[in-house]
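Derivation of every value follows stated rules applied to the coordinates shown; laboratory data play no part. No experiment lies behind these values; they were computed from the predicted model shown. Cβ sites come from the backbone with ideal geometry, for glycine too, and all protein chains shown count toward neighbours.
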Amino acid sequence: MENANPHDTHAEGVKKIGELIKDLRMAMLGTIDERGWPNSRPMATQGDKFDGTVWFFTDRNSPKVRDVKNNPHVNVVYMKSSSESYLSLIGTAEVDNDRDRMRALWSPWMKAWFDSAEDPELCLLRVTVEEGEYWDTPGGKVASLFSLVKGAVTGDAGDMESDHGRVAF
């Protein structure tokens, strides 16, 4: 059965979200375009520590930057179906041009998109998270399948173990 408040403290909920982000890394960033339509695209999360802010490198002339300037409300979604881990963050995005921060977050694999942290087209999108919600199944698909089969046989769905929580920032 789903547990809506598995963590005793806000700090434990933030820690759980940070662990999920670190494991999942790739996200779909959802913005609202100039027509008012939602638009999502894959983004690589930067940095190793989650403190309520998520960072993404991007091109300062990209449509997502234009979207964020017009409407800063975003949704960041992470998922890993093989482990049945899902995370949805809602928050406010803004463009950050801090070169020191870019240097600190830079990693060699970013060279696939940008020359260096000094690339004049490079900027960061800072997402200040306002709320996070996660679903995480200990043991992943195997545990879920086992619980599902057991529930079907016994008629008791109470065995479905899922770690679910909502954290307001």
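Per-residue HN-Hα couplings for segment 116-128, Karplus 6.51 cos²θ - 1.76 cosθ + 1.60 at θ = phi - 60°, whole Hz, x for Gly and Pro?
6, 5, 8, 3, x, 8, 7, 8, 10, 9, 9, 10, 8
Using the 10 angstrom Cβ neighbour count as an exposure proxy, how do TYR86, TYR134 rank, fewest first?
Final ranking by Cβ density, sparse to dense: TYR86, TYR134.
Longer than 21 Å from Cα to Cα, which of LYS22/LYS64; LYS15/LYS49; LYS16/LYS80; LYS16/LYS69; LYS15/LYS111 are they? Say none if no pair is.
Table pairs above 21 Å Cα-Cα are LYS22/LYS64; LYS16/LYS69; LYS15/LYS111.
Using a Förster distance of 22 angstrom, determine the FRET efficiency expected from the C-beta separation of ASP163 and GLU131, and round it to 0.05.
Efficiency, rounded to the nearest 0.05: 0.80.
Which of the three applies to segment 40-80, rounded, prolate or oblate, going by the alpha-carbon gyration tensor with a ≥ b ≥ c and a/c under 1.5 meaning rounded?
Here segment 40-80 falls in the prolate category.
Using the number of other C-beta atoms within 10 angstrom as an exposure proxy, rank MET26, MET79 with the fewest first.
Final ranking by Cβ density, sparse to dense: MET26, MET79.
Residues of segment 11-28 with amide nitrogen under 19 Å from the 7 Å Cα-to-Cβ point of TRP109?
Counting backbone N atoms under 19 Å from the label point, the list is 18-28.
For segment 2-99, what is Rg from Cα atoms divided by 2.2 N^0.38 Å, rounded to two decimals?
1.15
Once phi is turned into ³J(HN,Hα) by the Karplus curve 6.51 cos²θ - 1.76 cosθ + 1.60 with θ = phi - 60°, what whole-Hz value does each residue of segment 42-49 show in order, with x for glycine and proline?
My calculation for segment 42-49 gives x, 9, 9, 6, 9, x, 10, 10 Hz in order.
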